[in-house]
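Presented below is the structure to which this report refers.
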Amino acid sequence: FIQGKNRTQSILFPQSLDQIISPDNEVRIIDLFVESIRLEDFHFVIKTTKEGRPAYHPKDLLKLFVYGYLNHIRSSRQLEKECKRHIELMWLMKQLAPDHNTISNFRRDNEKAIKKVFRYTVSIAKQFDLIGGKLIAGDGTKLRAQNSKKNNFNEDKIERHMAYIDARLEEYNKALATADEDNKKIIEEEIKKHNGRKDNYENMQRMLDETGAPQISTSDPESRQLMIRNNITEAAYNVQTVVDAKHCIPIDYKVTNENDTRAMSGMLRRAKKILGTSDFTALYDKGYHTGSEIKMAVTSGINIMVAVPGIASVAPDEQYNMSRFIYDEINDTYTCPQNEVLTTNGKPYQKSKNRHYYTVKHYKTHACPGCPARALCTKNTKGRLIERSEFAPYMEQNKRNIEASPQLYKQRQSIVEHPYGTIKRQWGFYYVITKKGIKRASADVGFMFIAYNLRRLMNIIDKTTFTKFLRELVCKFYEIMVFIKAITVK
């Protein structure tokens, strides 16, 4: 067998850390990447005091997190441990070993700066022409929060618990009247315990009433119970992402605690700003098919393709569903399958959905009472009524876009699901490691996408070319710093 060296034997010429780390080790790319950042542009928050030990440099802590997420290590305690035993981290951190509180606080306090570092990875991808900017896809994915479903409450759940407690208290009070001295103490303890629980539920109901929030979570207050798939729910956050089609590189992300219906407009506004143009096609699934969102995209000049959800059969016979009625844009009328014309009085009627208001127009015909197909068309005694939303023209435009390029829309999943597959399945980041709010969750997700984009850059770009590019950025950065320092001294 191959024999190892004697642990007690002295080494005459010990190797330096730099000699141990190979020239092509990716940890050197991480070091150059962070060193190329101009901290003044990113506004990292570091809490310092005039007394006691100096703070750690933001770049050192950023290097630690980027390395950790690239190597599937997110826990601040685990990162603290790795600093003392991992040879690559010893080189990267210059043998610094921050404690877990310092590491955790850096991530907690720098959500905005972390987002800017992610934007920096996108700008590097642009410089290497890895962002096509012509076709993007958007979607949301649910990441489980540090909050169990048992500790998530809405009004119905609180009401059920309160009803159960009231029933139990009634039983205990009846039992107390006939109990002996020994059992009285036990029953009184139970009554006290249930009253305490009741107070807790009353406080939660009060918070829901004051905030208007639909749910409340006790461990992670801003997480919400969201639909994961089919009828399975979890206390989670919804991460909205925009991915460029050319190399499946994410260009934007946002952590929310809501479903997808109102998320598309904000994603597209940010995508326009990042790409510097509205001349691109955006692909979304049917969860984003909301009239006001589609209107914003169309009026912004963006070519969108949002999957059209299947329409439930509203007519006794599906041959008389609304989709069978032909709209005449010039005359503002509908023609039914029996070739009868439905007209409108032009009066708008206000409707609401999830507290969002919009207007509709009603279309009717006097031919309904004598129509031979009336029983197949409607059960309404007054005849068939068609509603046309103010957003209908934009939704029809979206439908025409999909019908014109059905093969283009089919690329959506392969574009936007690519990062999710890597981050959630391959790396195991299917949950948010932080607690206490969206901002902390966003910092965690930000590091996930920084690590993902860096991994994509290192896989696509030749390692020597990428290293040379980053080294040139670092040299330019230090030249600027020397110039600024010289001006300041003068």
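The values are calculated or read from the model by the stated rules, or taken from the named source; none is laboratory data. The structure presented is a predicted model; accordingly, all values stated were derived computationally and were not measured. When we count neighbours, we look across all protein chains shown, and the Cβ atoms used for this are built from the backbone with ideal geometry, even at glycine. The protein model used for the area step is the full one, side chains on, heavy atoms only, and it has no ligands, DNA or RNA in it. Shrake-Rupley method; radii C 1.70, N 1.55, O 1.52, S 1.80 Å.
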Self-check item: Members of segment 334-357 found to be among the charged types (D, E, K, R), open to solvent by less than 100 Å² (accessible area, probe 1.4 Å) and in a strand (DSSP E or B), listed by number
Solution: K351
Quiz prompt | Residue check, A177 out of contact with any strand residue (DSSP E or B) (no Cβ under 6 Å at 6 or more places or on another chain), modelled with pLDDT under 90 and surrounded by fewer than 11 Cβ atoms within 10 Å (Cβ to Cβ) | solution = yes
Exercise. Determine whether D31 is open to solvent by 70 Å² or more (accessible area, probe 1.4 Å), under 21 Å from A451 (Cβ atoms) and under 39 Å from the mean Cα position of the chain (by Cα).
Key: no
Practice problem: Could you check Q9 against (1) modelled with pLDDT under 85; (2) part of a helix (DSSP H, G or I); (3) not charged (D, E, K, R) and say which number it fails? | Solution: (2)
Quiz item: Which residues, counting only those in segment 390-414, are outside any loop (DSSP other than H, G, I, E, B), of a type in the set (K, R) and over 17 Å from S323 (Cα atoms)?
Solution: R412
Practice problem: Among the residues of segment 358-389, count how many are charged (D, E, K, R), exposed (fewer than 15 other Cβ atoms within 10 Å of the Cβ) and part of a loop (DSSP other than H, G, I, E, B). | Solution: 2
Quiz item: Residues in segment 86-103 that are more than 15 Å from Y67 (Cα to Cα) and either touching a Lys or Arg at 6+ places or on another chain (Cβ under 7 Å) or in a helix (DSSP H, G or I) (or both): how many?
Solution: 3
Quiz item: Only one residue in L70, L64, L135, L79 is hydrophobic (A, V, I, L, M, F, W, C) and either at pLDDT below 95 or open to solvent by 10 Å² or more (accessible area, probe 1.4 Å) (or both). Which one?
Solution: L135
Quiz prompt | Hits in segment 82-103 (condition: open to solvent by 70 Å² or more (accessible area, probe 1.4 Å) and free of Cβ contacts under 8 Å to residues at least 40 places away in the same chain) | solution = K84, R85, K94, N101
Quiz item: Which ones in segment 226-254 are surrounded by 21 or more Cβ atoms within 10 Å (Cβ to Cβ), hydrophobic (A, V, I, L, M, F, W, C) and within 17 Å of I450 (Cβ to Cβ)?
Solution: V239, V242, V243, I249, I251
Quiz prompt | Residue that is at pLDDT below 90, part of a helix (DSSP H, G or I) and of a type in the set (D, E), where the choices are E258, E210 | solution = E210
Quiz prompt | Output for segment 208-257, where each listed residue is hydrophobic (A, V, I, L, M, F, W, C) and either without any contact (Cβ under 8 Å) to a residue 12 or more places away in the chain or on the phi > 0 side of the Ramachandran plot (or both) | solution = A213, I232, C248
Quiz prompt | Selected residue [under 29 Å from the mean Cα position of the chain (by Cα) and among the basic types (K, R)] from R108, R53 | solution = R108
